[in-house]
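The values are calculated or read from the model by the stated rules, or taken from the named source; none is laboratory data. Given the structure is predicted, the values throughout are model-derived calculations rather than measurements. Backbone-built Cβ (ideal geometry, glycine too); neighbour counts: all protein chains shown. Ligands, DNA and RNA are stripped out before the accessible areas are found, and what is left, the full protein with its side chains, is counted by its heavy atoms. Shrake-Rupley method; radii C 1.70, N 1.55, O 1.52, S 1.80 Å.
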Amino acid sequence: MDLPLLALLVLTGCVDLLVSIAPGSNNIPDANGNHKDDGSEDSRRSHRTFQQEGVALSEPPFFDLTVPTNLTGLVGKTAYLNCRVKNLGNRTVSWVRHRDIHLLTVGRYTYTSDQRFEAVHSPHTEDWTLRIRYPQRKDSGLYECQISTTPPMGHSMYLTVVEPETDIIGGPNLYIHEGSTINLTCVVKFAPEPPSSVIWSHNHGVINFDSPRGGISLVTEKGPVTSSRLLIQKAGPSDDGDYTCDPASANPATVRVHILNGEHPAAMHHGSGGALLPRVLICALAPYLTLVALR
């Protein structure tokens, strides 16, 4: 090999060596002349992680629209309005009542003087819940969950607060033939919990199931809808009057029972004998009306 060529090869090797040990190089030789990584893979991994986090943080927040927005609450029983937010980041969630544009909560803090309202949130979850203790019918209406973006993002929910209802089926008037069985069914709906008791009274006096009259029984089934059935066998004139169903956790309901001794049987179908009169008049006048129409 001639001398100029050898000198060129030596010079090229020196340049490669200088480049490999230069600052920032990924190929620094160790004591044995082997090249090793200076941790740049960790740097690249950290950079990728930063990029991924940057993408996540840049995504705008949004509401989970699968969460129910039309809710029904019961008077006296705690109500919950849940708002689920994705990609919240460092923003905050607030609850606003639309009726009076009243700010109720910001984050986990309550801003209203009405302490029945409270924000509930568990760390590392996406749910921001408005809890309303002892709700009343006046609490019915539109509520909005807001995210502190610019401008704010809002998601509305409607709460309907209902109170317990008591109804006696077939009321307010029932017509029973003398000697038949009086069958009264009282239904209690929308109670926070099944009533602990249902008391029946007749003409303002509590019914005594152990009275000498006999033939009186009561069957009560408790649940989301509670029913109480009063049975009185062999109805007589003394059983005529007002019957009241009075649940422990709801308003009472009253029905008027009429004991019939063969008179006005049509009233059993129409609830009142007076309702039959217009139909009788129409039937009686039908021929006359027909003649007038043909002229």
Shape call for the stretch 62-162 from the C-alpha gyration tensor, a ≥ b ≥ c root eigenvalues: rounded (a/c under 1.5), prolate (a/b greater than b/c) or oblate?
-> prolate
Quick one: give the max-minus-min coordinate of the C-alpha atoms of the stretch 165-260 along each principal axis, largest first, in Å.
-> 39, 27, 20
Protection-proxy order for peptides 126-132, 83-89, 217-223, each taking the mean of Cβ atoms within 10 Å per residue, highest first | 126-132, 83-89, 217-223
In whole Å, how far is the Cα centre of the stretch 110-165 from that of the stretch 56-101?
-> 7
For Thr92, solvent-accessible area (1.4 Å; no DNA, RNA or ligand), Å² | 60
Cα-based Rg / Dmax (Å) for the stretch 106-159 = 12.2, 35
Leaving ligands, DNA and RNA out of it, work out the accessible area of Lys138 with a 1.4 Å probe and give it in Å² to the nearest 10.
-> 140
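Packing-wise, with mean Cβ within 10 Å as the measure, how do 240-247, 147-154, 114-121 rank, highest first?
Numbers: 240-247: 19.1, 147-154: 13.0, 114-121: 15.5.
My ranking of the peptides, most packed first, is 240-247, 114-121, 147-154.
Contour minus end-to-end for Thr181 and Leu71, with contour as 0.36 nm per residue of separation and end-to-end as the Cα-Cα distance? Walk me through the numbers on the way to the answer.
Working: separation 110, 0.36 × 110 = 39.60 nm, distance 4.19 nm.
Fully extending the segment from Thr181 to Leu71 adds 35.4 nm.
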